[in-house]
Amino acid sequence: MDNKKRFYITTPIYYVNDIPHIGHAYTTIACDVMSRYKRMKGFDAYFLTGTDEHGQKIQTAAEAKGLTPQELVDKIHLNFKELWKVLNISNDDFIRTTEDRHVRVVQSMFKKLMDQGDIYKGSYEGWYCVPCETYVPESSMGENRTCPDCGRPLTTMKEESYFFKASKYVPRLIEHYEKNLQGVMPRIRYNEIMSFLHGEVRDQSVSRTTLKWGIPIPGDEKHVVYVWFDALINYATAVGYLDDPEMFERYWPVVRHMVGKDIIRFHCVIWPLMLLALGVNVPVSVVAHGWWTVDGEKMSKSKGNVVDPFKMAELYGADAFRYFLLREVPFGNDGDFSEAALVGRINSDLANDLGNLLNRTLQMIVSYSGGVVPAGALDDPLDVEVRALGEATVGAVDKSMETFSYDEALKLIWAFIGRANKYIDETSPWKLQKEGKNARLDGVLCTLYEVLRLSALLVAPYIPEGAEKIWKQLGRQGSVHTEKIDSFRWGEGAGTKVDKAEVLFPRIDLEQWKKDRTPQPDAAKASGAEAAEHEPEIDIDGFRSVELRVAQIVKVEEIPRSKKLYKLEVDLGYERRTICAGIKPFFKPEELEGRRAVVVANLKPAKLCGIESNGMILAASVKGGEDEQVVLIAPAADIPLGSRVR
Ligand code: ME8
């Protein structure tokens, strides 16, 4: 097998000082989808993830918990392993930097570089960020000597240190990137790295004497290896740099690293420089993704808005979470996570588009064809068009996956699914059946079955559980995940006995979902107290005497003397009139103009702030502590102005 059919992809190895969050899940899911896809394209694909277990952060976290660093990492790394199970991650290996296999490689590389003079001893003095474990040059410090990454105060530090002669290899790395534009993806990050390389790249401090929790330097044990120098090497350890030259030969030339945009300098500058010094190929590509915010805000523990991937998988299913993360934002860009958007995608893309297509098709095959896919003639122009789109989609998806454009690939697949749903409406199989046009009906059912058989293959890397269920419902043998996309031949599904149709992605009832997520107002503070104050009973005639009508607010004017009142002009269809309403604190004029509302049309005129008010606008209100929430009461659907509300 040539290198073109091999693929090795890695996630960053995650720090185990904390529990996994959406950022960890995102990179790992993206790598998982890519490796699953490559396997289905017939590649010998290898997928590595793992944990970064040395360094100051871990030592500090362990101290805070009253554990030894080893106890901490032994415990916390299991959270990551567990999460990958829950999210259906198909990694081939999970590396921990505290493993002996890794410690030996780090020490051997360190020694090799020292022996050849590329690591030398010196002393280092500078401004240091303890949590980030980085020296920060004066030029990139934040205000008041703070870390440009985490914003925390820097401290001065002087220590004896080993240095890696990074600067020596910079011209070779620049030359490499000039010839390999795919070396850093996307282009914006490539440009960032090139301009950094054209600036001053200093020799790198690669050892520490200030902490104990690290890999000892052979022959000088008061030093431990700097955590990033240690961590980057994991990618080589795992594919047998020291222990299995054959495996290393097989996968190293095709390695791609996926990382968040914040750690590209380590991956696109330091690591390749280390590899050049070691005489090893630099990675084919480093692919950088953007960062997730949550409901428009930066994710942080102090804000309490950290998205817990375990919880998302439990509430919505691993497939939906995986699908959402890759569909929602173009890979490489920053994205904003919101559960409401996730629910929207579940209902529209998964339940509606894909789920309905499967359900409708299977039910028709059962009702009209005894549950067996008919061997129809697939020569109607519509059939030919759908087939051509399917075949073109396979090629277009492959192009998108080449550039890690996951969202593009999903858009293409869903365009194909959407086309098939439209095809059902265009061909109306129920009419064909009624009219006894059996030959045509067979062609339609067979085409739809083929659409689904192909779609199952295309969605399998993204929604592995759902795809397997589709495969089974379609009556296919074996697992969808061992299929090869390119072996698919249109029409070969005829004759298959389909399985029972079951709902794949249940629709989420939005009203119920909102209710479940809305914190109930505190009874004492809010609605409880108000609800207890009932008005005296009235009879039906008493209620009828209130003339309620649908109106539209056409103009909103401020009343300069009043903090609460707006002067509204409302249209009742048969007349326009002025109403003064005490809703100014809750709405801007532009939020009211054009809105429909229900008004009391027969209220006696009253003068408010010198203006005659002819009626009243209905609104619901609730008090929660200091805040009052007010919403207008409006008809749920379009109805002529002036209609009575009874
Ligand atoms: O950096 N959105 O580990 P780590 C998207 N151990 N990605 C995010 C994110 C967010 N809000 N927050 C974090 C390390 N990430 C090192 C790696 S590799 C040799 C060593 C991403 O656990 C971040 O960009 O702090 C990074 O790629 C990854 O999570 C791991 O972060």
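Remarks
The rows are residues; the columns are (1) farther than 20 Å from residue 467 by Cα; (2) open to solvent by less than 20 Å² (accessible area, probe 1.4 Å); (3) under 27 Å from the mean Cα position of the chain (by Cα).
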| residue | (1), (2), (3) |
| --- | --- |
| 341 | yes, no, yes |
| 361 | no, yes, no |
| 379 | yes, no, no |
| 401 | no, yes, yes |
| 407 | no, yes, yes |
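- For residue 256: the one exception among (1) open to solvent by 40 Å² or more (accessible area, probe 1.4 Å); (2) under 20 Å from residue 96 (Cα atoms); (3) within 15 Å of the ligand (Cβ to nearest atom); (4) outside any strand (DSSP E or B): (4)
- Applying a threshold of 6 Å to beta carbon distances and a minimum spacing of six or more residues, or different chains, the list of pairs starting in the stretch 381-408 at a residue that is touching a residue at least 40 places away in the same chain (Cβ under 8 Å) and ending at one that is among the hydroxyl-bearing types (Ser, Thr, Tyr) and open to solvent by less than 30 Å² (accessible area, probe 1.4 Å) reads 383/447; 386/423; 386/447; 401/37; 408/400.
- Cβ-Cβ contacts under 9 Å between residues 6 or more apart (or on different chains), taken from a first residue in the stretch 132-156 that is within 20 Å of residue 56 (Cα to Cα) and aliphatic (A, V, I, L, M) to a second residue that is open to solvent by 40 Å² or more (accessible area, probe 1.4 Å) and part of a strand (DSSP E or B), are listed as 136/127; 154/127.
- Condition check for residue 49: within 9 Å of the ligand (Cβ to nearest atom), out of contact with any Gly (no Cβ under 8 Å at 6 or more places or on another chain) and not charged (D, E, K, R): no
- When residue 44 is tested against the conditions (1) of a type outside the set (Phe, Trp, Tyr); (2) in contact with a His (Cβ under 6 Å, 6 or more places away or on another chain); (3) over 30 Å from residue 223 (Cβ atoms), the lone failure is (2).
- Just one of (1) crowded, with 20+ Cβ neighbours inside 10 Å; (2) more than 14 Å from the ligand (Cβ to nearest atom); (3) of a type in the set (A, V, I, L, M, F, W, C) fails for residue 64. It is (1).
- Verdict on residue 250 being more than 15 Å from the ligand (Cβ to nearest atom), part of a helix (DSSP H, G or I), modelled with pLDDT of 95 or more and touching a strand residue (DSSP E or B) at 6+ places or on another chain (Cβ under 7 Å): yes
- Conditions (1) assigned to a loop (DSSP other than H, G, I, E, B); (2) over 20 Å from residue 36 (Cα atoms); (3) open to solvent by 80 Å² or more (accessible area, probe 1.4 Å); number of the one not met by residue 490: (3)
- Matching residues in the stretch 3-24 - criterion: being aliphatic (A, V, I, L, M) and either open to solvent by 10 Å² or more (accessible area, probe 1.4 Å) or near the ligand (Cβ under 9 Å from one of its atoms) (or both): 13, 16, 19, 22
- Qualifying residue in the stretch 299-307 (condition: surrounded by 18 or more Cβ atoms within 10 Å (Cβ to Cβ) and either away from the ligand (no atom under 11 Å from the Cβ) or under 22 Å from residue 38 (Cα atoms) (or both)): no
The values are calculated or read from the model by the stated rules, or taken from the named source; none is laboratory data. Keep in mind it's a predicted model, so treat the numbers as computed, not measured. With ideal geometry, Cβ positions are generated from the backbone for all residues, glycine too; neighbour counts draw on all protein chains shown. Heavy atoms of the whole protein, side chains included, go into the accessibility calculation; ligands, DNA and RNA do not. Shrake-Rupley method; radii C 1.70, N 1.55, O 1.52, S 1.80 Å.
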